[in-house]
1. Got a sec? Which of B:403, B:424 is touching a helix residue (DSSP H, G or I) at 6+ places or on another chain (Cβ under 9 Å), modelled with pLDDT of 95 or more and among the small types (Gly, Ala, Ser)?
2. Going residue by residue through region A:135-149, is there one that turns out to be open to solvent by 30 Å² or more (accessible area, probe 1.4 Å), among the basic types (Lys, Arg) and without any contact (Cβ under 8 Å) to a residue 12 or more places away in the chain?
3. May I ask you to verify whether residue B:355 is within 14 Å of chain A (Cβ to nearest Cβ) and modelled with pLDDT of 95 or more?
4. Could you tell me whether any residue of region A:404-426 is within 14 Å of chain B (Cβ to nearest Cβ) and either open to solvent by less than 10 Å² (accessible area, probe 1.4 Å) or in contact (Cβ under 8 Å) with a residue 12 or more places away in the chain (or both)?
5. Can you name every one of the helices (runs of 4 or more DSSP H) wholly within region A:387-478 that holds 3 or more residues which are out of contact with any His (no Cβ under 7 Å at 6 or more places or on another chain) and under 20 Å from residue A:136 (Cβ atoms)?
6. Taking into account only those residues within region B:358-383 that are charged (D, E, K, R) and open to solvent by 20 Å² or more (accessible area, probe 1.4 Å), which is farthest from the other protein chains (Cβ to nearest Cβ)?
7. Pick out the one residue from A:349, A:369 that is of a type in the set (Val, Ile, Thr) and assigned to a strand (DSSP E or B).
8. Could you tell me whether residue A:131 is modelled with pLDDT under 95, closer than 30 Å to residue A:80 by Cα and open to solvent by 10 Å² or more (accessible area, probe 1.4 Å)?
Protein chains: 2
Amino acid sequence: MTRDHPLTTRGPEPAARFTESGSVADADAAAKESLDWLIARRDAHRFEVTRVPFAELGDWSVQPGTGNLTHRSGKFFTVEGLRVHADAGPVGTWDQPIIVQPEIGLLGFVVKEIDGVLHCLTQAKMEPGNPNLVQVSPTVQATRSNFTRVHRGSATRYLEYFTDPGRARVLVDVLQSEQGSWFLGKRNRNIVVEVPPDEDVPAHPDFRWMTVAELRELLHRDNTVNMDARTVLSCIPFARPTSAPRPGPGQEFRTALRRSMTAAEGALHPLPEVLSWFTERTARHELRTERIPLARVEGWHRDAWEVRHEQGRHFTVFGARVSAASREVSGWTQPLLAPCGTGIAALLVKNLGGVLHALVHARPEAGHVRGVELAPTVQCTPDNYRSLPAASRPRFLDVVLDAPAGRVRFDAIQSEEGGRFHHAECRYTIIEAGDDFPVAVPEDYRWLTLHQLASLLQHSHYLNVQARSLVACLHCLW
Amino acid sequence: MTRDHPLTTRGPEPAARFTESGSVADADAAAKESLDWLIARRDAHRFEVTRVPFAELGDWSVQPGTGNLTHRSGKFFTVEGLRVHADAGPVGTWDQPIIVQPEIGLLGFVVKEIDGVLHCLTQAKMEPGNPNLVQVSPTVQATRSNFTRVHRGSATRYLEYFTDPGRARVLVDVLQSEQGSWFLGKRNRNIVVEVPPDEDVPAHPDFRWMTVAELRELLHRDNTVNMDARTVLSCIPFARPTSAPRPGPGQEFRTALRRSMTAAEGALHPLPEVLSWFTERTARHELRTERIPLARVEGWHRDAWEVRHEQGRHFTVFGARVSAASREVSGWTQPLLAPCGTGIAALLVKNLGGVLHALVHARPEAGHVRGVELAPTVQCTPDNYRSLPAASRPRFLDVVLDAPAGRVRFDAIQSEEGGRFHHAECRYTIIEAGDDFPVAVPEDYRWLTLHQLASLLQHSHYLNVQARSLVACLHCLW
């Protein structure tokens with residue numbers, strides 16, 4: 001028997017340390033300073049985003065024949081067409097443009113204990129589609145084409161902590177999806193690595209160490225913490241805080257939320273039942289998709305400047321010229337996808353047996369690799385439903401829109417990935433359902449605890465990107 | 001606070017009961033009787049499988065233009081072309097035919113306690129591609145087209161236990177992949193449901209209740225337990241047996257295997273590290289695939305009778321006419337895929353610190369929805385490597401082929417899904433690595449315990465179908 005191989009019975013337990021970092025006092029003041037830094041970084045860089053016709057997109061071009069938008073290198077991404085056959089939902093078959101980006105990018109925070117408390121190395125990152133251009137992003141946010149330097153730019157700063165074996169200890173590392181209506185099969189590696197307290201991580205004016213508590217504060221502000229930071233934060237494990245919840249209004253809510261952070265308090269449905277339900281929903285809903293040339297997409301109008309839906313719904317794809325000094329290269333052109341109207345992503349939550357439960361929706365989306373992922377209770381762009389009959393309005397939308405202010409626990413406008421989407425704003429809101437809201441819900445919805453959501457987030461493709469953002473927001477409320 | 005919602009802190013724990021069912025004494029005698037039943041059922045039915053040219057495939061036809069093989073209903077599956085661009089492996093880009101079957105099928109066992117012991121309702125099922133036509137299958141094995149009765153056959157027997165809510169308690173329910181070299185994105189629901197001991201499940205001569213111990217016996221026999229039964233068995237949780245392992249030769253191996261069945265005994269790598277490694281391997285390997293018309297597949301020859309590789313490697317696709325009385329319909333035609341040569345799927349195992357570890361390979365396969373899944377240590381068809389240089393031979397193949405008999409712990413010829421594949425035989429073998437076999441392995445391999453494999457099997461798309469078959473075989477050895 002071989003005895004010289006030390007075995008381990010448990011993994012690293014960073015959850016308590018992340019909770020501690022999220023519980024630091026006076027985070028509000030620190031967050032205000034961080035906000036000043038963010039604004040200063042925005043002012044320090046020149047940047048300009050201008051619309052240009054497709055013909056002036058430089059390395060990007062419209063392919064003869066297919067009409068697809070592609071980069072000269074064959075890398076980055078393409079804009080193509082997708083034909084979707086759905087067996088549920090108000091529309092049976094539709095065509096749409098879609099962003100195809102097969103390569104797996106990296107979204108990563110370097111974390112480090114400073115004075116005994118975990119800090120995340122954040123970046124003030126300019127992205128052309130961001131409503132205010134510069135937002136708080138992870139330490140590294142790069143496609144493989146970025147960091148293998150396809151566009152001949154400078155090296156991605158701090159990348160080595162993620163790619164060099166042994167440089168840092170991995171705390172989180174999981175592939176997750178992105179917007180299933182806009183991306184075909186897009187996946188990113190969500191990763192958090194810890195460097196030793198004595199590691200001398202080089203400083204740079206665009207980067208700043210923040211506690212999780214600061215990030216929790218900043219998440220309450222509109223368009224401040226970018227999508228990539230939110231999704232990585234959502235995958236971080238948090239232990240139930242050991243301190244008592246802050247007294248005052250909402251204390252009962254906070255108590256139930258904290259009880260929701262541990263398996264020990266129980267759940268309405270045991271996790272194996274949840275997994276079985278998810279399997280059943282995935283097996284039931286079959287969205288068949290077929291890639292088609294962008295030129296063959298029906299119901300959309302193409303001209304020299306843009307591709308847009310004939311009724312002005314959904315989104316528009318156009319060309320943009322970007323110039324900015326803080327980016328890996330000094331200027332570039334690229335297509336951007338601009339949604340029409342502000343989205344809404346709402347999570348209804350409810351205290352069941354003293355434990356907060358969130359109502360998630362098993363939602364088929366055309367671009368998701370396994371067809372169905374768990375979405376917020378409500379996820380839609382209300383404008384898209386203008387001309388549809390009331391019965392086709394998204395379920396629970398009115399419950400969300402009519403919620404009294406006292407039950408709105410979180411409410412902020414956040415924007416989606418500014419590297420691909422132009423001013424893709426979405427209202428992220430968490431609403432405590434009233435006592436009259438039923439526990440019995442339609443078959444494609446389930447009440448899950450925060451601990452169950454966190455367990456699922458250790459694996460790929462259970463929660464969609466909007467649900468992950470809302471998990472990050474839920475973590476702002478304990 | 002709502003107090004009227006009973007919460008639960010744990011899921012159902014069927015693992016100990018499955019182990020008990022697998023430990024029943026005198027299973028060998030029972031298995032022999034079951035084998036007689038299987039042979040009797042084979043003899044009770046007339047069946048015949050004949051090759052026919054594509055033109056005589058009835059409801060199936062070669063599409064003009066694309067050359068794809070499709071069913072008149074648009075259901076079941078199609079045979080199309082796939083172009084694969086790989087960034088690793090001996091061949092950079094290749095074309096191949098591929099089976100496209102987007103609908104999610106159901107592979108399910110009904111289980112029930114008989115005299116206090118769990119029994120699985122097995123079926124003697126005829127499949128046209130099986131080497132001996134009739135094998136032991138799950139209770140239900142059906143595509144959605146089957147059970148929604150696209151081919152106007154009779155209803156699928158026992159389906160209601162899986163589809164009617166409340167008829168049975170779900171013990172296992174997870175989507176898993178199938179052969180990533182032959183299927184594009186194929187997924188099946190692997191499910192086990194338990195009916196109460198007093199439920200009067202109707203009997204049928206083609207169905208038989210067996211303990212897990214009987215199935216463990218039958219798995220040692222060539223071409224007896226079909227692939228669908230093996231994959232469902234692999235997803236069943238087993239607790240570490242409470243009894244002492246059988247004394248005699250191999251007792252030390254059995255002891256280490258039993259210690260491998262629980263998290264408490266530890267593992268070489270903690271599970272979070274394993275998940276991170278899997279994420280990294282997935283992110284690194286990018287197989288880009290492109291569906292192309294079958295008529296455009298290069299390097300393959302098509303004629304009126306078959307599609308075959310120009311060097312006679314890989315596989316052939318041909319048309320078959322089937323007649324059999326025990327099937328839902330009395331006769332049909334369909335395409336079948338016949339691999340060239342017998343495959344090998346081998347798991348090297350090693351006692352590390354008193355706990356058995358299995359060496360799995362993070363293997364990219366073109367048809368897998370997330371690109372990479374964990375495969376056996378060796379998975380190949382040796383004949384395909386005949387003309388390639390020694391350096392391109394699959395790693396560890398020679399270790400497997402040269403293993404002394406005393407270290408071969410499992411060895412049987414099993415066949416793959418006879419509903420799609422014709423005589424797709426594969427040698428499944430589990431080999432204890434010698435003391436000289438290094439613990440340090442290449443970056444795309446990892447030593448995992450059986451408990452870790454079982455944890456991953458609660459989720460989709462971690463283990464490929466060959467690895468799952470070997471997990472079922474490992475469970476024959478404690």
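1. Numbers: B:403 fails: touching a helix residue (DSSP H, G or I) at 6+ places or on another chain (Cβ under 9 Å).
Every option except B:424 fails the conditions.
2. Looking only at region A:135-149, we keep the residues that are open to solvent by 30 Å² or more (accessible area, probe 1.4 Å), and these are A:144, A:147-149.
Applying the additional criterion that residues be among the basic types (Lys, Arg) yields A:144, A:149.
Then drop every residue that is not without any contact (Cβ under 8 Å) to a residue 12 or more places away in the chain, which leaves A:149.
Taking every residue of region A:135-149 in turn, at least one turns out to be open to solvent by 30 Å² or more (accessible area, probe 1.4 Å), among the basic types (Lys, Arg) and without any contact (Cβ under 8 Å) to a residue 12 or more places away in the chain.
3. Working: within 14 Å of chain A (Cβ to nearest Cβ): yes; modelled with pLDDT of 95 or more: yes.
It is true that residue B:355 is within 14 Å of chain A (Cβ to nearest Cβ) and modelled with pLDDT of 95 or more.
4. Step one: filter region A:404-426 for residues within 14 Å of chain B (Cβ to nearest Cβ), giving none.
No.
5. Working: elements: A:397-401, A:450-456, A:465-474.
The qualifying helices (runs of 4 or more DSSP H) are A:465-474.
6. Filtering region B:358-383 for residues charged (D, E, K, R) gives B:363, B:365, B:370, B:373, B:383.
Narrowing the set further to residues that are open to solvent by 20 Å² or more (accessible area, probe 1.4 Å) leaves B:363, B:383.
Details: B:363: 16, B:383: 32 Å.
So the residue we want is B:383.
7. Working: A:369 fails: assigned to a strand (DSSP E or B).
Answer to the check: A:349.
8. Values: modelled with pLDDT under 95: yes; closer than 30 Å to residue A:80 by Cα: yes; open to solvent by 10 Å² or more (accessible area, probe 1.4 Å): yes.
So residue A:131 passes the test.
The values are calculated or read from the model by the stated rules, or taken from the named source; none is laboratory data. From a predicted model like this one, the values you see are computed outputs, not experimental measurements. As a convention, Cβ positions derive from the backbone with ideal geometry for all residues, glycine included, and neighbour counts pool all protein chains shown. For the accessible areas, the whole protein counts, side chains as well, though only heavy atoms, and no ligand, DNA or RNA atoms are used. Shrake-Rupley method; radii C 1.70, N 1.55, O 1.52, S 1.80 Å.
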